[in-house]
Amino acid sequence: MNFDFSDEQKQMRDAARQSLAEKCPPKAVREVLDGKATHDKALWAGLAEMGFLGVAIPEEFGGAGAGHLELCVIAEEMGRALAPVRFSSTVYLAAEALLLAGSDAQKQKWLPKIAAGEAIGTLALFEGKGNPAPQGIKLQASGGTLNGVKKPVPDGAIADFAVVAARTGSTRRDADISLSLVDLKAGGVEARALTNIDPTHGQAELTFKNAKAEPLGAAGEGWGILTQVLDRAAVLMAFEQLGGSDRALEMGRDYALDRIAFGRPIGSFQAVKHILADMYVSATLARSNCYYSAWALSTNAADFPEAAAAARISATQAFQHCSKNNIQVHGGMGFTWESDCHIYYRRANATAVALGSLSYWERQLIDRMRKKNAA
Amino acid sequence: MNFDDTPQEAAFRAEARAWIAANAPKQYEEELRKSSLGGTVLKNVNILEVAKAWQKKKADAGWACLHWPKEYGGRGSSSIECVIWQQEEGPFGKLSGMFFIGHGMCGPTIMAFAGEAEKKKYLPPLASGEKVWCQLFSEPAGGSDIAGLRTRAEKRGDNWIINGQKIWTSGAHYSDYGILLTRTDPAVAKHKGLTMFFLDMKSPGVEIRPIKQASGASDFNEVYFADVTIPDSQRLGAVNDGWNVSLTTLMNERMSIGAGVSTGFPELFDFCNSLMLEDGPAIQDRSVRSRLANYAVKASGLKYTSMRAISALSNGERPGPENSIGKLVLGAMLQDIASYAMDLEGAAGALTSADEEIVNGQFQQMLLTSPSMRIAGGTDEILRNIIAERVLGLPGDIRVDKDVPFNKIPTKGR
């Protein structure tokens, strides 16, 4: 047993942190935040060059073939740097769906492009308010075409292709849902950008009008695949949230050391210390849950679904807790546009509801624990 | 990263499992499994005797204090093997409660600071549970501010004469030995005039009075010292270096309290799985699931945090202040879980009669005992200070008594 990343993985983390510090300074994040760019194209190219986009993609499909532990390491650094790029939609959702269910031809078509930074992918799942559930999917698939509306779709306005959850039967059952793969540039899909609380990550509405689609995975197996994609993405997103939590904690700590009030650093007051100590506690619990889920993902352990839900809940809580209290420690300065505190706060609360909100994952966790206990 | 056993670890696990299956006191397994904080009680038998018998049996077969060196009664095991043992010992591990302080705190202190002859003499019977130890630190004038203690030790020839009073001493009434922090020089700043000893609790002049706790039980005591003699050979560390010695003890304390106590979550999960509410099974209720999920991720977070700490230990790092989080999270969680379980039972949640077999009164016991978890071994507030100052590097509080000779520090507020 060994409950830590290997030395090689830690070196990879250090290298990722260093290059993100150079290639993704706060100024680059601000360009996107202020609407001057939809995403950081230079950074995206840099990530491809460093091999980060294809870390978990096998070599035969143009990736580095390293694995999910390595991808977790990179995800944490992306979250720490608030990287304004399409990493989560393309790598956690689209690439994982292809890896899980794609045919050889589908993998050959898209995965090398993802690894090279030449294609942005996404998952079109939601149709308005509500958490993931088969009955929430109304978009129709028939005769190789799709009709319906999806929103919100992460990075939908700039994506090149999408994995789309569609209805192929009329009941609430899982078997009536199938997945499709759609080339968004081939016509039949209209994209409309939506504003959201985190402008560094775009959201869109996609309207499908007789859009050409090919099946991804077997018909009627869409819900099962989707659940697995969400579980995998939950772990990767949890690491991103963990990186954000740690950075928010560091910002709060640094400010408490520098800021003088009543003749002493505010970090010497217990009221402030205890806020920061509690941030450390939530980030530490999240880190431990994340590590276990990363291992369970990389080894396809029997309790992976349970571990994924636990990591997702824990990291969501930690990032929300750390980002809001980072603002509190900063006082009025933390509530200015100029300070970076609000970007973490925005990211924390946007990632908290992406992939299904806490109530979805709480339910998943308890159901899965019961299933394990019954077995 | 690998949460699975290596072949070597798997072999160790198999050996431990087989030995436990053949030797554990199976007749108490069910009762132990159901008991939780404040409720580890066996009906019709004296739990202390059962605990001592199990500990002795383990020691005779080389399964006691696994990480201690063999010559001191341990097994010389790695930290990982200790975790495996804990996992395998399962509910029988709850019998180790009375040895917690001795094995977790006194033992490591003796090992670090006593002479070789003393270690050989005192550690093996401590490991085997034949001798029980307690820790005499807290005083009426020094709880969180432990360095404010006033019990005096004065040198007389080759001996020290002890006068004063300790309080909150867990298990003093059944202990054979104790480690004792005293003041040897009141004319210097408070941290600089302390010295650590160990002593025989049956020494003349030692008087133990039980404290009736808020929970109704009496687990801890006041201990009075009237001209008690301790030979200089029982001094631990240098004269006036007791503060540094105590840091070793306290760090081990936080580590062991955090690692050893159950979170209360498995009990709550089982309870909710079988409970019917007015409108259906509790487990189907959205708010119940939400609360359970919150506790679940804290419990798993703590479990994997302690495993990560063990990995750090096996890579040669010392137990650090990070380990303070275990007890900080646990204390509040136990208290919260207890009141939540009672909430789900409605008005009957207040009942503790023996015929309330639905939960055996375990959450009610947990409720009444849990306040102590947030105080003993460092209050929640002290633990937050430790995390803030020693992990996050925030400045220490302003300490107005820091450079003042101890005997010049005010003793009254108003």
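Per atom type, region B:175-245 shows carbon and sulfur on 50% of its accessible surface, probed at 1.4 Å.
Taking Cα centre as origin and charging only the Cβ of basic (Lys, Arg, +1) and acidic (Asp, Glu, -1) residues, the dipole magnitude of chain B rounds to 1100 debye. Surface calculation, 1.4 Å probe, protein heavy atoms: B:Thr169 sits at approximately 0 Å² accessible. Please identify which residues in region A:155-198 have an amide N closer than 16 Å to a label point set 7 Å out from the Cα of A:Asn210, following the Cα→Cβ vector. Those under the cut-off are A:186-190. Based on Cα atoms of chain B, Rg over Rh with Rh as the Kirkwood radius reads 0.97. This model, with +1 at the C-beta of Lys and Arg and -1 at the C-beta of Asp and Glu, gives chain A a dipole about its Cα centre of some 1040 debye.
Can you compute the FRET efficiency between A:Ala374 and B:Arg399 using 1/(1 + (r/R0)^6), with r the Cβ-Cβ distance and R0 = 60 Å? Round to the nearest 0.05. Efficiency at R0 = 60 Å is approximately 0.60. The coefficient of translational diffusion for chain A, derived via Stokes-Einstein from the alpha carbon Kirkwood radius under 25 °C and 0.890 mPa s, stands at 117 µm²/s. Chain A against chain B buries an accessible area of about 4400 Å², both chains summed, 1.4 Å probe radius. For region A:122-220, with all protein chains present and a 1.4 Å probe, just round the carbon and sulfur fraction of the accessible area to a whole percent. Here carbon and sulfur together make up 53 percent of the probe-accessible area. In the context of the full set of protein chains, chain A has a per residue accessible area of 38 Å² (1.4 Å probe). Return the whole-Å distance between the Cα centroid of region B:284-349 and the Cα centroid of region A:255-292. Centre-to-centre (Cα) distance: 20 Å. If I fit a long axis through the Cα atoms of helix A:358-374 and take the longest principal axis of the Cα atoms of chain A, what angle between them do I get, 0 to 90°, rounded to 10? The helix A:358-374 is inclined about 70 degrees to chain A.
If you restrict to DSSP beta bridges whose two residues both lie in region B:133-240, what percentage is antiparallel, to the nearest 5? Counting DSSP beta bridges with both partners in region B:133-240, the antiparallel share is about 85 percent. Measuring gaps between exposed loop sites in chain A (chymotrypsin sites (Phe, Trp or Tyr not before Pro); DSSP loop; at most 16 other Cβ atoms within 10 Å), the longest gap, sites not included, is A:1-261.
So what is the relative contact order of chain B, in percent, for Cα pairs below 8 Å that sit 6 or more residues apart? Averaging sequence separation for qualifying contacts and normalising by length gives 15 percent for chain B. In whole angstrom, how far apart do the alpha carbon centroids of region B:190-234 and region A:133-148 sit? What the calculation gives is 75 Å, centre to centre.
Scaling the Cα radius of gyration of region B:7-127 by the globular reference 2.2 N^0.38 Å produces a ratio of 1.09.
The distance linking region B:55-119 with region A:187-232 is 56 Å (Cα centroid to Cα centroid, whole angstrom). Each residue, A:Thr195 and A:Asp258, gets one label point 7 Å from its Cα in the Cβ direction; the gap between the two is 3.1 nm. Note on B:Asp232 and B:Glu49: their simple-model spin labels are 4.5 nm apart, each label 7 Å out from Cα toward Cβ.
Taking Cα atoms, how many degrees apart are the long axis of helix A:304-330 and the longest axis of chain A, rounded to 10 and kept between 0 and 90? For helix A:304-330, the angle is close to 40 degrees.
The modelled label-to-label distance between B:Ser339 and A:Ala186, using points 7 Å beyond Cα along the C-beta direction, is 5.9 nm. Helix B:286-314 sits at what angle to the longest principal axis of chain B, using alpha carbons and giving 0 to 90 degrees rounded to 10? So the helix axis and the longest Cα principal axis differ by about 40 degrees. Per residue, region B:7-127 exposes 46 Å² of solvent-accessible protein surface, assessed with a 1.4 angstrom probe and all protein chains in place. Dipole of region A:7-88 computed with +1 at Lys/Arg Cβ and -1 at Asp/Glu Cβ about the Cα centre; of A:Ala21, A:Ala56, A:Ala37, farthest Cα towards the positive end is A:Ala37. For A:Leu257, the accessible surface of its heavy atoms amounts to roughly 60 Å² (probe 1.4 Å, protein chains only, rounded to the nearest 10). For region A:237-375, carbon and sulfur atoms together expose 54% of the accessible surface, with a 1.4 angstrom probe and every protein chain in place. Summarised in one figure, the compactness ratio Rg/Rh of region B:133-240, Cα atoms and Kirkwood Rh, is 0.96. Net length available on complete extension from A:Thr227 to A:Asp14 is 73.5 nm, with 0.36 nm assigned per residue and the Cα-Cα distance removed.
Interface burial in region B:383-414 reaches 30 Å² or more for B:Arg384, B:Asn385, B:Ile387, B:Leu392, B:Leu394, B:Pro395, B:Asp397, B:Ile398, comparing the full protein assembly with the chain by itself; accessible area from heavy atoms with a 1.4 Å probe.
The values are calculated or read from the model by the stated rules, or taken from the named source; none is laboratory data. Everything numeric in this text was worked out from a predicted model, so none of it was measured. Counting neighbours? That spans all protein chains shown, and the Cβs are built from the backbone with ideal geometry, glycine included. Note: accessible area is taken over every heavy atom of the protein model, side chains too, but ligands, DNA and RNA are not part of it. Shrake-Rupley method; radii C 1.70, N 1.55, O 1.52, S 1.80 Å.
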